Amino acid sequence: MPRIAYELVQSAAPTADLDRVAAYMLPLMLRNVSSDGFTFVDPRDVVAGEGTAGPVFSLPGCIIASPSFPANLAAVDQNYVYNWVRDAAIAAMEIAEAGLPLGADLLEDYVSFADVCSGNSGGDLSVAVFTIDGRPRPKWSHQHDGPALQGLALLRCRDRLEASAQEVTGRLLRSNLAFVLDNYQRPRVNLWEEVEGQSFFTRSVQLRFLEQVRAEPVGQDVGSRIDEAVGWLRDALEQHWDPGARHYVSILEPVNVREGYDPNVDVVLAAVCGAVPVTDTRLLATAAQLRRQWTDPTSPVAYPINAADAQLQLGPLMGRYPGDTYDGDFSDDPQGPLPTDHPWALCTAAFAELYHRLAAAVRQGGVPLDALSAEFFDQVGVTAGTDRAIAATALREAGDRMLRAIVYHSDHFELSEQFDGRTGYEKSVRNLTWSYAAFLSAVRARRSG
């Protein structure tokens, strides 16, 4: 009898109640969070070239990116049973926001594991990935967004912690702050772990962290340094605007240039996770190009699934950037004719969150419509004469269509990293923590929109 393959299953109706779906997504994400009673085994002993001396178990608070590794999921050659600082921080924020009865315990475990990783990093907080027992992953790129995002997560959860955990949190916050202040001008590898340079996303999350520390001091008298860094980062973000291309450039001064890297969805993530205002019309101009490149039938990178979903009043699904060749399965090499990339659940959810955050801003302050943002609003049927309440509703509906597309293409609400751009079925590593966290964050934003 043939084995059931979940990538061939579609489950939920496109009319699903998004708040109720989020209630399912949260425990699905929590399966990737280790505790003293729920552990993972390091699978590297079955991966060629990554042998270990014996079984290695996770420490409480480790948040793996995904349970997938080659011996477990033959469809991929990727091992995601690691703790990415960035992904873990984004997940921890959603745990803090959920208000779970055992949420404080999970957050204290998160702080404890972060402390172990910090101690094992040798003082280098640019280490981006750790093993499940808190050791730096060998031969991996170093990144500068993790300390800022971890700092934001720690600020969000510290009031829910016991005194001893608050003390550790304070120490970690001061370390993260010192690192950001010492390194905010230095280039590093970006969030997609592909290009080294001055990253729009990294600068945005660093700016948000510094501004929040300025409002919620962490016990260090570095006010003048924070003010200087905030001013510098704000000016630096301005430099990413390309008036000719009419979009933000994701990486300045790239060391290893990649073809077709912009417009890049990390600009939308810079607004969702960082300090870029959702009302910035240059952000909206960039977002309009992102949507157009994956939906316009004349675009060489348009996803066929978006045309099919449009007939169901769903989507569109969003990818990373037009020249993406990472299919999430076996390699970074192109897999056949264009499009070689595929939409991602987390990218689509982040775009939906942009719509929902903007809907809330429009209800309060009006529509930020100008020559730059006109295409963005036209894509959802909003013009200069549209009433703000109607405009907010249109934005909310646009975000809902994206979230419902994620649900429709999920495997019984389980979210992988990517969807196939032609068929819509899930692909790449399964149960990606960031996919769930991005969906939960978007639904939270929806409640205020």
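Every number here is computed from the coordinates shown, using simple stated rules; none is lab data. Source: prediction; values computed, not measured. All Cβ positions, glycine included, derive from the backbone under ideal geometry; neighbour counts span all protein chains shown.
Beyond 17 Å, what percent of the Cα pairs of the range 370-440 remain? Provide the component values of the computation, followed by the final result.
Working: 1341 of 2485 pairs.
The answer is 54 percent, as a whole percent.
If you place +1 on the Cβ of every Lys and Arg and -1 on the Cβ of every Asp and Glu, how big does the dipole about the Cα centre of the chain come out, in debye to the nearest 20? Intermediate results must be reported in sequence, preceding the final value.
Values: 38 positive and 58 negative charges, 151 e Å.
Around 720 debye, computed over the chain.
For the range 277-449, what is the charge dipole size about the Cα centre, in debye to the nearest 20, if Lys and Arg each add +1 at the Cβ and Asp and Glu each add -1 at the Cβ? Walk me through the numbers before you get to the answer.
Working: 16 positive and 21 negative charges, 156 e Å.
Dipole magnitude for the range 277-449 comes out near 760 debye.
Give the Rg/Rh ratio for the chain, taking Rg as the radius of gyration of the Cα atoms and Rh as the Kirkwood radius, to two decimals. Each step should come with its number before you reach the end.
Numbers: Rg = 20.9 Å, Rh = 22.2 Å.
Taking Rh as the inverse mean 1/r over Cα pairs, Rg/Rh reads 0.94.
Using all Cα-Cα distances in the range 216-357, what percent lands in each 10 angstrom bin from 0 up to the longest?
Using 10 Å bins, I get a P(r) of 10, 35, 32, 14, 6, 1 for the range 216-357.
Please give the net charge around VAL116, taking every other residue with its beta carbon less than 11 angstrom from that of VAL116, where Lys and Arg add +1 and Asp and Glu add -1. Write down the numbers at each step before the final one.
On the way: positive: ARG135; negative: ASP109, ASP115, ASP133.
Local charge sum for VAL116: -2.
Given contacts defined as C-alpha pairs under 8 Å and at least six residues apart, what's the relative contact order of the range 277-449, whole-number percent? Write out the running numbers ahead of the final one.
Working: 301 pairs, mean separation 48.9, N = 173.
This gives 28 percent for the range 277-449.
If I stretch the segment between GLN220 and TRP140 completely, what's the gain in nm (0.36 nm per residue apart, minus their alpha carbon distance), one decimal? Spell out each step's value before the answer.
Details: separation 80, 0.36 × 80 = 28.80 nm, distance 3.13 nm.
This chain segment gains 25.7 nm when fully extended.
Pairs of alpha-carbon atoms within less than 8 angstrom and 6+ residues apart define the contacts here; what relative contact order does the chain have, in percent? Don't skip to the end; give the middle numbers.
Numbers: 876 pairs, mean separation 82.5, N = 449.
Worked out over the chain, it gives 18 percent.
Could you tell me the relative contact order of the range 343-445? Use alpha-carbon pairs under 8 Å, at least six residues apart, and round to a whole percent. Intermediate values should be presented prior to the final figure.
Details: 131 pairs, mean separation 39.7, N = 103.
The normalised contact order for the range 343-445 reaches 39 percent.
When the dipole is taken about the Cα centre of the range 177-323, and only Lys, Arg (+1) and Asp, Glu (-1) are charged at their Cβ, what size is it in debye, to the nearest 20? If you can, show how the numbers build up before the last one.
Values: 13 positive and 19 negative charges, 54 e Å.
The dipole of the range 177-323 has a size of about 260 debye.
Restricting to DSSP H runs of at least four residues, report the calculated mean residue ellipticity at 222 nm for the chain, -39500 (n - 2.57) per run over all residues, nearest 500 deg cm²/dmol. Before the final figure, lay out the partial values.
Values: 14 runs with 203 residues, N = 449.
Helix-only estimate at 222 nm: -14500 deg cm²/dmol.
Provide the FRET efficiency to the nearest 0.05 for the ASP77-ASN256 pair, computing r from the beta carbons and using R0 = 22 Å. List each step's numbers first, then the result.
Values: r = 22 Å, r/R0 = 1.02.
So, using R0 = 22 Å, E works out to roughly 0.50.
Can you tally the net charge around ALA307? Count Lys and Arg as +1, Asp and Glu as -1, for every other residue whose Cβ sits under 11 Å from the Cβ of ALA307.
That sum, taken over residues with Cβ under 11 Å, equals -1.
What is the local net charge at SER448, summed over the other residues whose Cβ is closer than 15 Å to its Cβ (Lys, Arg +1; Asp, Glu -1)? All intermediate terms of the calculation are to be shown ahead of the outcome.
Numbers: positive: ARG357, ARG363, ARG396, ARG444, ARG446, ARG447; negative: ASP19, GLU97, GLU353, ASP400.
Once positives and negatives cancel, what remains is +2.
Treat the range 154-222 as a sphere of radius equal to its Kirkwood radius over Cα pairs and apply Stokes-Einstein at 20 °C in a medium of 1.002 mPa s; give the translational diffusion coefficient in µm²/s, rounded to a whole number. Each step should come with its number before you reach the end.
Details: Rh = 13.3 Å.
For these conditions, the coefficient is 162 µm²/s.
Tell me, what are the semi-axes, in whole angstrom and largest first, of the equivalent ellipsoid of the range 277-449 as set by the roots of 5 times the Cα gyration tensor eigenvalues? It would help to have the intermediate numbers written out before the result.
Values: eigenvalues 151, 63, 34 Å².
The equivalent ellipsoid of the range 277-449 has semi-axes of 27, 18, 13 Å.
State the Cα centre-to-centre distance between the range 177-231 and the range 85-121 in whole Å.
Each part's Cα centre sits 20 Å from the other's.
Lys/Arg Cβ at +1, Asp/Glu Cβ at -1, dipole of the range 31-178 taken about the Cα centre: which of VAL33, SER121, PRO101 is farthest positive-ward?
SER121
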